[in-house]
Amino acid sequence: MNLETIIRDVPDFPKKGIIFKDITTLLQDGEAFRLALNQMLKKYLDARIDKVLGIEARGFIFAGVLAYKLGCGFVPVRKPGKLPFRTIREEYTLEYGSSALEIHEDSIKPGEKVLIVDDLLATGGTALAAVLLVEKLGGEVAGIAFLIELGFLKGRDKIAKYPVSSLITY
Ligand code: AMP
């Protein structure tokens with residue numbers, strides 16, 4: 001099965017000039033969804049991960065399953081104002097705009113090994129913000145896993161210090 005062809009390109013969403021990689025076509029295909037997750041999982045089976053961190057919103061879809069399969073905790077990283085308890089925040093820039101991410105201050109214990117998960121690596125700003133949040137809490141970034149990587153945007157350079165994996169590169 002070719003996962004690349006199952007992902008839908010939506011031109012000019014959410015802004016003119018952006019080709020949005022729409023993963024809903026993969027998610028709605030049970031076989032493709034399972035294949036993608038099993039492939040993402042394989043790389044981390046022996047990595048002794050303590051927490052899987054998912055980035056709102058599409059990162060949650062993959063991170064929750066990976067946490068379940070690895071038998072470890074799930075930590076949500078969310079847009080400002082969404083998490084109910086005390087948070088720390090990191091500002092970042094996107095391929096289309098800028099934003100900030102927050103994490104609960106008690107969600108990662110010092111020394112814990114963390115796997116960061118999102119659907120797509122574009123410029124790397126989002127992933128780097130997640131890395132900085134983990135490190136502020138004393139966690140160790142053991143890996144950063146994506147379904148898709150937009151190689152031409154060179155996001156990997158921003159997070160080159162960490163083990164990065166992606167299943168599909170455009
Ligand atoms: P970046 O911070 O530039 O690496 O952007 C990554 C984040 O923005 C991820 O959470 C993606 O879901 C989203 N994103 C950025 N560009 C695209 C795109 N072309 N298609 C789908 N999602 C995107």
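The values are calculated or read from the model by the stated rules, or taken from the named source; none is laboratory data. What you are looking at is a predicted structure, and each value in this text was computed from that prediction instead of being measured. All Cβ positions, glycine included, derive from the backbone under ideal geometry; neighbour counts span all protein chains shown. The area values use the complete protein model at the heavy-atom level, side chains included, leaving out ligands, DNA and RNA. Shrake-Rupley method; radii C 1.70, N 1.55, O 1.52, S 1.80 Å.
Quick notes on this structure:
- Picking from residues in region 129-150 that are open to solvent by 30 Å² or more (accessible area, probe 1.4 Å) and on the phi < 0 side of the Ramachandran plot, the one that is farthest from the ligand (Cβ to nearest atom) is GLU140.
- Here LEU121 meets the list (1) closer than 19 Å to LEU167 by Cβ; (2) surrounded by fewer than 21 Cβ atoms within 10 Å (Cβ to Cβ) almost entirely, failing just condition (2).
A quick yes/no check of all residues on (1) within 16 Å of the ligand (Cβ to nearest atom); (2) part of a helix (DSSP H, G or I); (3) of a type in the set (Asp, Glu); (4) within 25 Å of GLY143 (Cβ to Cβ):
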{"position": "MET1", "(1), (2), (3), (4)": "no, no, no, yes"}
{"position": "LYS15", "(1), (2), (3), (4)": "yes, no, no, no"}
{"position": "LYS21", "(1), (2), (3), (4)": "yes, no, no, yes"}
{"position": "ASN38", "(1), (2), (3), (4)": "no, yes, no, yes"}
{"position": "ALA47", "(1), (2), (3), (4)": "no, no, no, yes"}
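- Of all residues in region 14-24, one or more are basic (Lys, Arg) and without any contact (Cβ under 8 Å) to a residue 60 or more places away in the chain.
- Checking THR87, THR93, THR169, THR126 one by one, the residue that is more than 24 Å from GLN39 (Cα to Cα) and within 16 Å of the ligand (Cβ to nearest atom) is THR93 and no other.
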